[in-house]
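Read the structure below first, then the notes.
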Amino acid sequence: MSRVRVGMLTTTQGGGGFGEQAPLFRALLRSARREGCIAYVFTPAGVDWDAGRVRGWVASPGGRWRCRSFPMPDVIYDRIVCREDLRRPAVDGALSRLKAMYRGRYFNPCLLDKWEVYQALASDASLDEHLPETRLLTTPDVARDMAGRHPVMFIKPRRGTQGRRIVRLDRRTSDPMGSYRVRSQICREQTVPTLDRAMAIAAPGTEDLIQQGIEGPSIRGGRPFDLRALLHRDGRAGSRAESGWRLTCIVARVGRRGAITSNLHTGGTAVRARTLLREVYRARPSQAQAALTRLRRLALTVPPALERSFGHFGELALDLLLDGQGNPWLLEVNSRPGRRALVLAGEGRARALAGRRIFRHARSLVEGDDR
Ligand SMILES: Nc1ncnc2c1ncn2[C@@H]1O[C@H](COP(=O)(O)OP(=O)(O)OP(=O)(O)O)[C@@H](O)[C@H]1O
Ligand SMILES: [Mg+2]
């Protein structure tokens, strides 16, 4: 069989590079070669529908981007990260056409929206108890209602990313309407006497969510942490996991001291999950292992549930949290995961494995041993 051609779809133009995704694309192009695939990066504007060809970008050994004409890909791996671009009629039209044409050979078909994901997963009985309660902040009554149940709450945009525009409210009394400590990246910490005052500082829009805060065990003088699980569909026949999904790696991201988020973009760093969990459960290594097992188990239940609502994925990343009792919570699902946390945590082998699994999956879609 001839080599499988994989088109990695994005909207930013080559030449000058692909912005933050450039190093990832370079690494993926190397993984493709190792897996015997022909890969290139392309944009909707680069498709020549009449000729059935596409302008594809590849990196030269020196790392410079070069563009040439390729036949249309056999499989499309969608890596579009810019929501504004998706609203452009030309992009939207081209994507609809490509999705209709490729159907099961098009994977990671959308950018996810935190509110849509919550609604889809909350109806799944096995996930319900692992999701922090989340509501769309349509009226002030929503916040008052949530405050009655949750002493810590987070406010964030439903389509937010990289820890931007997140506000944390900590209740300081037993009265849900009472005093709050308000923290965010952009305004200095404040303590206010009422919930309404706290909400006035948070100033949420109608596209913002309010979410139950999960308080983890305290580490390193109160630095927040989360765990990022990277999962791939394993294209090999006879895959161990019944769903076809496997956990490629799990790393911990640790925020700055005093921060409310653990994202790398907000000053966090990353370490191996084992390292962090040993630190959390210092005197009790068996608890560290048990927490890791629970995180892994939860992670593997997410992709099949997500695919029932959002289509076919080959790769997903999950943001997970642990509460003070060691219970795992699912905070977020990302369909365009980067690799920076893996690199910072020294998980270079997992990074390479992630790349290989992408192209094994792509190959299996053509060779027919996966779906
Ligand atoms: N409900 C919560 N409980 C505890 N910590 C939270 C909560 N919500 C957010 N955080 C902290 O803020 C960080 C960012 O939150 P979240 O993952 O929801 O948004 P985002 O990172 O901006 O989105 P993306 O992961 O798509 O870039 C989390 O990793 C966590 O450290
Ligand atoms: Mg996140």
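Applying 0.36 nm per residue to the separation of ARG87 and SER123 and subtracting their alpha-carbon distance, the gain on full extension is 10.1 nm.
Projecting the Cα atoms of THR275, ILE214, ALA202 onto the dipole axis of the chain, where Lys and Arg carry +1 and Asp and Glu carry -1 at the beta carbon, places THR275 farthest toward the positive end.
Span-like helix check, the chain: qualifying full DSSP H segments, with Cα axial length of 30 Å or more and mean Kyte-Doolittle of -0.5 or more, are 285-310. Segment ARG220..GLN325, full-extension length gain: 36.0 nm, with 0.36 nm per residue of separation and the alpha-carbon distance subtracted. Taking label points 7 Å from Cα along the Cα-to-Cβ direction, VAL152 and HIS265 give a separation of 2.2 nm. Were the residues from ARG159 through ARG282 laid out at 0.36 nm apart, the gain over their Cα-Cα distance would be 40.6 nm. Overall, the anisotropy analysis places the chain in the prolate class: the square-rooted eigenvalues a ≥ b ≥ c of its C-alpha gyration tensor yield a/c not less than 1.5, with a/b exceeding b/c.
Please give me, ordered by residue number, the trypsin sites (Lys or Arg not before Pro) of the stretch 250-295 that lie in loop per DSSP and have at most 15 other Cβ atoms within 10 Å. The partial results should precede the final answer.
Values: sites: ARG253, ARG256, ARG257, ARG272, ARG274, ARG278, ARG282, ARG294; in loops: ARG256, ARG257, ARG282.
Here the trypsin sites (Lys or Arg not before Pro) that fit, given the DSSP loop and packing criteria, are ARG256, ARG257, ARG282.
With Cα atoms as the point set, the stretch 134-212 shows a radius of gyration and Dmax of 11.3, 32 Å. With the simple spin-label model, which puts each label point 7 Å out from Cα in the Cβ direction, the SER309 to ARG97 separation comes to 3.2 nm. Note on the stretch 5-107: Rg/Rh from Cα positions, Kirkwood definition for Rh, rounded to two decimals, is 0.94. Across the stretch 193-221, the residues whose backbone nitrogen lies under 16 Å from the label position 7 Å along the beta-carbon direction of MET177 are 193-200.
Its relative contact order, with pairs defined as Cα atoms under 8 Å and 6+ residues apart, puts the stretch 134-212 at 39 percent. Surface composition of the chain: carbon plus sulfur atoms hold 48% of the accessible area, using a 1.4 angstrom probe and ignoring ligands, DNA and RNA.
Using the 1.4 Å probe convention, the accessible area of the stretch 17-90 works out to 49 Å² per residue with neighbouring protein chains retained.
Which whole-number percentage describes the relative contact order of the chain, with Cα contacts under 8 Å and a sequence gap of 6 or more? List each step's numbers first, then the result.
On the way: 718 pairs, mean separation 64.0, N = 371.
The value is 17 percent.
The values are calculated or read from the model by the stated rules, or taken from the named source; none is laboratory data. From a predicted model like this one, the values you see are computed outputs, not experimental measurements. When we count neighbours, we look across all protein chains shown, and the Cβ atoms used for this are built from the backbone with ideal geometry, even at glycine. These area figures cover heavy atoms from the full protein model, side chains too; ligands, DNA and RNA do not enter into them. Shrake-Rupley method; radii C 1.70, N 1.55, O 1.52, S 1.80 Å.
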